[in-house]
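Here the structure is laid out as structure tokens; the discussion comes afterwards.
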Amino acid sequence: MRVICLIVLFSSVFTFSIAATDSLIVKGRILNLNGRLYRQAPTITFSRNNILQPQSELSKQTPLEADGSFRVSLPILFPQEEFYLDYSGKAFTTFLGSPGTVEITFDGDSLAKASKLFYFAGVNADANNQFAQYLAAENKLLASNKALGTDFFKNFWQSSSSSARDLAQQRAQLRLSAVKEAAKNAVPSPTLFQWAKSIADEEQLQILYEHALSNQIDINKPLQDSLKRLSQPPLTAQRVIWANRFGNYADMKLEERRYSNPSKTNSLPVRLMATLIKNNAANLTSEEKQRLQQITDTGLTDKEELNFMNRLFAKNELVLNLLFNYEREIRTYADLFDSTATEFLKIHYLAKNLYRFTYKQQMLLNQHIQSRSGVPVFTESLNEIVNLEVKDSSDIRKLVEYKNLRTEPTEALPGYSLAASNDRGTSWFNRVLDLYKGKTVYLTKWNLDDPKSREELDYIPALQANVPEDVVFLFVHLPGEDYVASEVLLKQYIVRHRLKGTHLFMSNDQMMDLLFRLNPLDSATFSVIRPNGKYAAKNAPAPSATEKTVKAILDAGK
């Protein structure tokens, strides 16, 4: 769970979206907060999850008062959700929130030595006060039973489906037994039991979906039936991981269906198409709307009506293609899964494809999906991440409208320099690198369509915050074989993910010319270049390995 939380915390801090209808009030105090500690760490960061993305900037910093007290209001979409408190890396805890108020107290003199540091009052206090003991008991049990703990995954992926189910269930039961162990001297909290059971059960579901993915096999009916719980509380980091794995599994099944039955996956009912055209085509006359409504009610009656729809489609192709593609995919999902799973996949579609759409397309699709989805916690979750995506629309617009790309990098926005060239890749790259002689360079090779690239780039802002300001971050965008991202989407992604530095947009010919100069020339690979222009490491640590990467950058500058 902490892995997900740390991803969240390492992102830049933003206020939460206003999509939530309920709030959790968090207040409390750091006891014995001395002046030195207050100056070192004057804020506390609170974070939470979004079911659609394993990493999002759902974080909020609150300042400490001089007496150590703090208060913050956080939105909450599910009736119960995990929240995370991080006190500047000096103290960390997970707690369960519900609409209402939770009070948290901890001692500034005991940050590194207390066996139990945090004390809770208010909503879910009994579960939150026992959670640390539960984690300790769980770690002890997993360490003592290596087959279900530390060695569990050594042979799990090669096991049969039935063996995998048995092993996963045994591991879940072992983890859940830690609740009883943790409460030997107290009454076990029913809320803690349900919370721990959710975590254990959904890890079980996660690894079974991963087993199905790695072996390319179908899940059984009980596993499909489990998808009903996607919309139920509590929302945990483990739920987010499981939901993501289910989304990956659903996409695998979608591709199989496209291959086996392409005509069905490429078609839409005429009545649905007529409705989409009527509701989304621009400048329709009242007569055209009436005719489309008639087709919606009765279907096609002659060829002229089909030609009529084709003409309207051609006039609004960009918008309607966007919606038609969405509807085709959702219809296929509906053939494969039950209603709750399909409702989740309706919103998962946009979340997984955000990088492919301009922010105007994101807002259009979000508006359409909101009208097609019936589960509030899902639609609010989608609203939340779309609001995050489009919040930088002003800076995105400025960068998109910047057309003065030159061979030499020029600053298009404060902190963002861009360059493009028709020259040979090696000579152009060398000239750019010469501009930064005397500075350490961290080189990132990436491609927008590459999931590993996008995952690693999320760590760049945190990496930049931990190295000297004069370190140069040089990004080389490599064109993909099957999908060539537009310049608009590249610029949008750069701003949205705060990839400050110098960006070179490469063509296929330039990339091939750079094959030996930038070896390895693969997406999501990284290098460190010394101030003298020579490589310190051609295959350097990735941004996600933050500590190792910081060390490699600092060592190169010595």
Going by the conditions given, is Ala274 modelled with pLDDT of 90 or more, surrounded by 18 or more Cβ atoms within 10 Å (Cβ to Cβ) and not acidic (Asp, Glu)?
-> yes
Residue list for segment 4-57, restricted to those being open to solvent by less than 30 Å² (accessible area, probe 1.4 Å), modelled with pLDDT of 90 or more and not hydrophobic (A, V, I, L, M, F, W, C) | Gly28, Thr45, Ser47, Arg48, Asn49, Asn50
Test set (1) in contact with a Lys or Arg (Cβ under 8 Å, 6 or more places away or on another chain); (2) aliphatic (A, V, I, L, M); (3) in a helix (DSSP H, G or I); (4) over 21 Å from Val187 (Cα atoms) - Ala143 fails condition number = (1)
Do you know which residues across segment 412-426 are within 15 Å of His503 (Cβ to Cβ) and in a loop (DSSP other than H, G, I, E, B)?
-> Pro414, Gly415, Ala420, Ser421
Just checking, which of Val390, Val375 is surrounded by fewer than 20 Cβ atoms within 10 Å (Cβ to Cβ), farther than 27 Å from Gln464 by Cα, of a type in the set (A, V, I, L, M, F, W, C) and out of contact with any Lys or Arg (no Cβ under 7 Å at 6 or more places or on another chain)?
-> Val375
Considering segment 337-348, residues that are among the hydroxyl-bearing types (Ser, Thr, Tyr) and either open to solvent by 20 Å² or more (accessible area, probe 1.4 Å) or not in a helix (DSSP H, G or I) (or both), and then whichever is modelled with the highest pLDDT, we arrive at Thr340
Being without any contact (Cβ under 8 Å) to a residue 40 or more places away in the chain and aliphatic (A, V, I, L, M) is the filter; apply it to segment 136-157 and report the residue that is nearest to Asp218 (Cα to Cα).
-> Leu148
Search segment 177-203 for residues that are farther than 18 Å from Phe78 by Cβ and of a type in the set (Asp, Glu) and pair each with any residue that is at pLDDT 85 or above and open to solvent by 60 Å² or more (accessible area, probe 1.4 Å) when their beta-carbon atoms are under 8 Å apart and the residues are at least 6 apart or on different chains.
-> Glu181/Lys140
Answer from Ala334, Ala351 - the residue that is at negative phi and crowded, with 17+ Cβ neighbours inside 10 Å = Ala351
Could you please let me know if Leu320 is out of contact with any Phe, Trp or Tyr (no Cβ under 9 Å at 6 or more places or on another chain) and hydrophobic (A, V, I, L, M, F, W, C)?
-> no
Within segment 393-407, of all residues that are charged (D, E, K, R) and not in a helix (DSSP H, G or I), the one least open to solvent (accessible area, probe 1.4 Å) is Arg406
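Look through Leu85, Leu77 and report the one residue that is crowded, with 20+ Cβ neighbours inside 10 Å, of a type in the set (A, V, I, L, M) and farther than 23 Å from Lys116 by Cβ. Give the steps one after another, and end with the answer.
Details: Leu85 fails: farther than 23 Å from Lys116 by Cβ.
Within the list Leu85, Leu77, the selection yields Leu77.
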Only one of Thr94, Thr150 is of a type in the set (S, T, N, Q), modelled with pLDDT of 95 or more and either in a strand (DSSP E or B) or open to solvent by 30 Å² or more (accessible area, probe 1.4 Å) (or both), namely Thr94
Checklist (1) open to solvent by 50 Å² or more (accessible area, probe 1.4 Å); (2) more than 20 Å from Thr93 (Cα to Cα) applied to Gln204, failing item = (1)
In segment 306-330, what count of residues is obtained for those that are closer than 20 Å to Arg356 by Cβ and either of a type in the set (Phe, Trp, Tyr) or part of a helix (DSSP H, G or I) (or both)?
-> 14
The condition of being charged (D, E, K, R) and under 23 Å from the mean Cα position of the chain (by Cα) holds, among Arg517, Arg498, only for Arg498
What are the pairs, 6+ residues apart or on separate chains, where a residue within segment 158-171 that is in a helix (DSSP H, G or I) has its Cβ under 9 Å from a residue that is of a type in the set (D, E, K, R) and surrounded by 17 or more Cβ atoms within 10 Å (Cβ to Cβ)?
-> Ala168/Glu203; Arg171/Glu203
Any hit, segment 58-76, residues being in contact with a helix residue (DSSP H, G or I) (Cβ under 6 Å, 6 or more places away or on another chain), modelled with pLDDT under 95 and more than 16 Å from Asn387 (Cα to Cα) | no
For helices (runs of 4 or more DSSP H) lying entirely in segment 260-300, having 1 or more residues that are closer than 21 Å to Arg372 by Cα and within 32 Å of the chain's Cα centre (by Cα) picks out 262-265, 270-280
Please work out which residue is nearest to Leu364 (Cα to Cα), limiting yourself to segment 285-319 and to residues that are surrounded by fewer than 10 Cβ atoms within 10 Å (Cβ to Cβ) and hydrophobic (A, V, I, L, M, F, W, C).
-> Leu318
May I ask you to say which residue of Pro520, Pro451, Pro461 is more than 23 Å from Gly425 (Cα to Cα), surrounded by fewer than 16 Cβ atoms within 10 Å (Cβ to Cβ) and not acidic (Asp, Glu)?
-> Pro451
On the given criteria, is Leu433 open to solvent by less than 50 Å² (accessible area, probe 1.4 Å), more than 30 Å from Phe344 (Cα to Cα) and not in a helix (DSSP H, G or I)?
-> no
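The values are calculated or read from the model by the stated rules, or taken from the named source; none is laboratory data. Quick caveat, the model's predicted, so the values are computed rather than measured. All Cβ positions, even for glycine, are placed from backbone atoms using ideal geometry, and neighbour counts span all protein chains on display. These accessible areas exclude ligands, DNA and RNA; they are computed on the full protein's heavy atoms, side chains included. Shrake-Rupley method; radii C 1.70, N 1.55, O 1.52, S 1.80 Å.
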